[in-house]
Structures are given as C-alpha cells and as structure tokens.
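The values are calculated or read from the model by the stated rules, or taken from the named source; none is laboratory data. This one's a predicted model, so the numbers in the text were calculated from it and none came from an experiment. Here the Cβ positions follow ideal geometry from the backbone for every residue, glycine too, while neighbour counts run over all protein chains shown. Protein only, heavy atoms only, side chains kept; ligands, DNA and RNA dropped before computing areas. Shrake-Rupley method; radii C 1.70, N 1.55, O 1.52, S 1.80 Å.
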Amino acid sequence: MRLDGKVAIVTGSSRGLGKAIALGLAKEGANIVVSARTEVENPQLPGTIHKTAEEIQALKRRVLPIKCDVSSEQSVNDMVKKTLDEFGRVDILVNNAGVAFYYPVIETPLKRWEIVLRVNLIGAFLCSKAVLPKMIEQKRGSIINISSLAANEREGGKVSTGLAYAVAKAGVDRFTWGLAAEAGCFNIAVNCLKPQQVVDTEGMRFWVKEEERKGWVTPEKMVKCAIFLAQQDAKGVTGIVATDEEICAWHGL
C-alpha cells in the first residue's frame with residue numbers, strides 16, 4: 001500500500017468528496033483523522049464524522065473522528081494537538097472543508113460573505129499553519145488544497161456557487177503557490193486540486209435540482225489524484241494548481 005503508516009487529516013470528511021478522499025487514503029494504508037463539524041445526522045444532508053470513521057475502521061485502519069470548525073483557530077489547533085497526541089505525527093493534510101452561498105452579491109449579507117471566506121480560505125490557512133511545525137520537524141509532508149473551477153470562471157459556470165465561493169477559491173489557488181514556495185525548503189509539497197466536472201455529492205444535490213445534474217461525475221478521479229499528491233514531497237510534485245483531468249493526463253494515472 002502506497003501510504004502505509006502515514007497519518008492524514010481530511011477536513012470536511014463527514015460526507016461528499018472529503019469522505020471519498022478519506023476512504024481512498026485509508027485504502028492505501030493511511031491512518032485518518034476525520035474532521036468536520038457534523039456529529040449528528042441531518043436527514044437532508046446525510047453523513048457524520050462518526051459514520052465516516054466506522055467505514056474506515058472496517059478497512060482495518062486507525063481512525064480518529066474530531067469535530068472541528070476550520071474557521072476557528074482554537075478549534076483547528078485543538079484538532080492538530082489531538083492528532084499528535086493520538087498518532088505522534090501528521091504526514092498529509094487535505095484542506096477540503098467548504099461552504100458556498102448561492103445568491104447574487106446584492107442578496108448576500110456580510111455575515112454570509114465572511115463565513116464563506118473563513119471556511120474556504122482562512123480554514124486552509126489555519127489548518128496548514130497548524131500542521132507545518134510537525135511537518136517541518138519531520139522534514140516531509142504533503143498539503144493538498146481542494147479548489148474549484150469557480151476560481152477561474154468569469155460567469156456563473158456549470159453550477160452557480162456564488163461569488164464569495166469563487167473569490168475564496170481563487171485565494172486558495174494563490175495560497176497554494178505561495179505556501180509551496182515557503183515550505184519547499186522543508187521538503188513539504190503543497191498542491192491544489194480541483195475537479196474538471198461537477199462532483200456528485202450530498203451537498204451539491206441539496207442545492208441543485210435533479211434535472212440540472214447532467215454530466216456530474218463520481219469522486220473517483222479526484223480520489224485517485226489525491227492519493228497521488230499525498231505521496232509527494234518537495235522533491236516530487238509541488239506548487240501546482242490543476243484539475244483532476246490534468247493531473248491524470250500529466251502523470252499517467
């Protein structure tokens with residue numbers, strides 16, 4: 001197994017793409033910290049950190065479910081401390097947690113704009129900052145930021161996710177380049193992965209009518225790319241912002 005014995009934190013992994021990535025990394029031998037806010041099931045949005053943890057346990061991997069609000073520095077620092085107390089190391093961070101607000105700017109309250117930026121962009125910053133000291137000590141690590149084509153699209157795109165989300169994801173792209181440059185001397189890879197097609201997840205289904213879901217895809221290709229990027233350090237692939245299709249083509253996945 002390609003990630004045997006590694007420890008991975010995956011934020012937003014109670015459901016959807018985060019859960020799929022967490023399970024994919026576990027199947028490759030990684031021990032997983034399942035991080036998200038959801039501990040109690042919502043009938044409209046199925047999935048909790050505990051349900052994801054149960055599926056990982058069934059794969060015979062060690063797993064630690066931790067409730068975490070990535071927009072809170074204290075919550076993030078507590079999560080990383082619990083990770084180190086349990087596993088003693090952290091090798092992989094997947095900054096996947098995200099929220100969107102699907103309305104025009106004129107209908108967007110300041111509070112909603114701030115929440116979207118805090119979760120998507122500040123969350124990636126806080127989680128990366130929290131794991132970096134241990135990765136620097138280990139002289140190796142991989143940080144994977146999950147972004148979106150919304151960062152590049154000038155119009156509404158395939159699915160309208162709101163301008164705050166697009167701005168936050170554009171920030172995540174730029175954050176990736178800058179952090180890769182800063183962390184490279186410590187042998188830490190920092191990469192940004194985004195889906196070429198809309199990924200069919202519980203969260204997206206909640207907002208989009210069934211008749212508008214044509215062309216949506218499973219998370220399979222994103223998971224494959226996340227596994228590949230999780231194996232990297234600064235001597236390998238780092239500093240890229242690319243789609244799953246690009247990474248699969250460039251690296252023969």
Q) Which one of 124, 151, 130, 166 is touching a strand residue (DSSP E or B) at 6+ places or on another chain (Cβ under 9 Å) and over 17 Å from residue 71 (Cα atoms)? A) 151
(Q) Looking only at residues that are hydroxyl-bearing (Ser, Thr, Tyr) and in a loop (DSSP other than H, G, I, E, B) in region 83-106, which one is modelled with the lowest pLDDT? (A) 102
Q | residue 80, sole failed condition from (1) in a loop (DSSP other than H, G, I, E, B); (2) aliphatic (A, V, I, L, M); (3) open to solvent by less than 20 Å² (accessible area, probe 1.4 Å) | A | (1)
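Against the condition in contact (Cβ under 8 Å) with a residue 40 or more places away in the chain, open to solvent by less than 10 Å² (accessible area, probe 1.4 Å) and either part of a helix (DSSP H, G or I) or of a type outside the set (S, T, N, Q) (or both), how does residue 25 come out, does it pass?
yes
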Q: Note down all Cβ pairs under 7 Å where the first residue falls in region 80-91 and is of a type in the set (S, T, N, Q), the second is part of a loop (DSSP other than H, G, I, E, B), and they're at least six residues apart or on different chains.
A: 83/90
Q | Residues of region 1-20 satisfying the condition of being open to solvent by 10 Å² or more (accessible area, probe 1.4 Å), in contact (Cβ under 8 Å) with a residue 40 or more places away in the chain and more than 11 Å from the chain's Cα centre (by Cα) | A | 2, 6, 15
Q: For residues that are open to solvent by 50 Å² or more (accessible area, probe 1.4 Å) and in a helix (DSSP H, G or I), scanning just region 212-245, find the one that is nearest to residue 188 (Cα to Cα).
A: 224
Q: Go through region 30-54 residue by residue and tally those that are under 12 Å from residue 15 (Cβ atoms), open to solvent by 80 Å² or more (accessible area, probe 1.4 Å) and part of a helix (DSSP H, G or I).
A: 1
**Q.** Sole residue being of a type outside the set (Lys, Arg) and modelled with pLDDT under 95, chosen from 150, 124, 58
**A.** 150
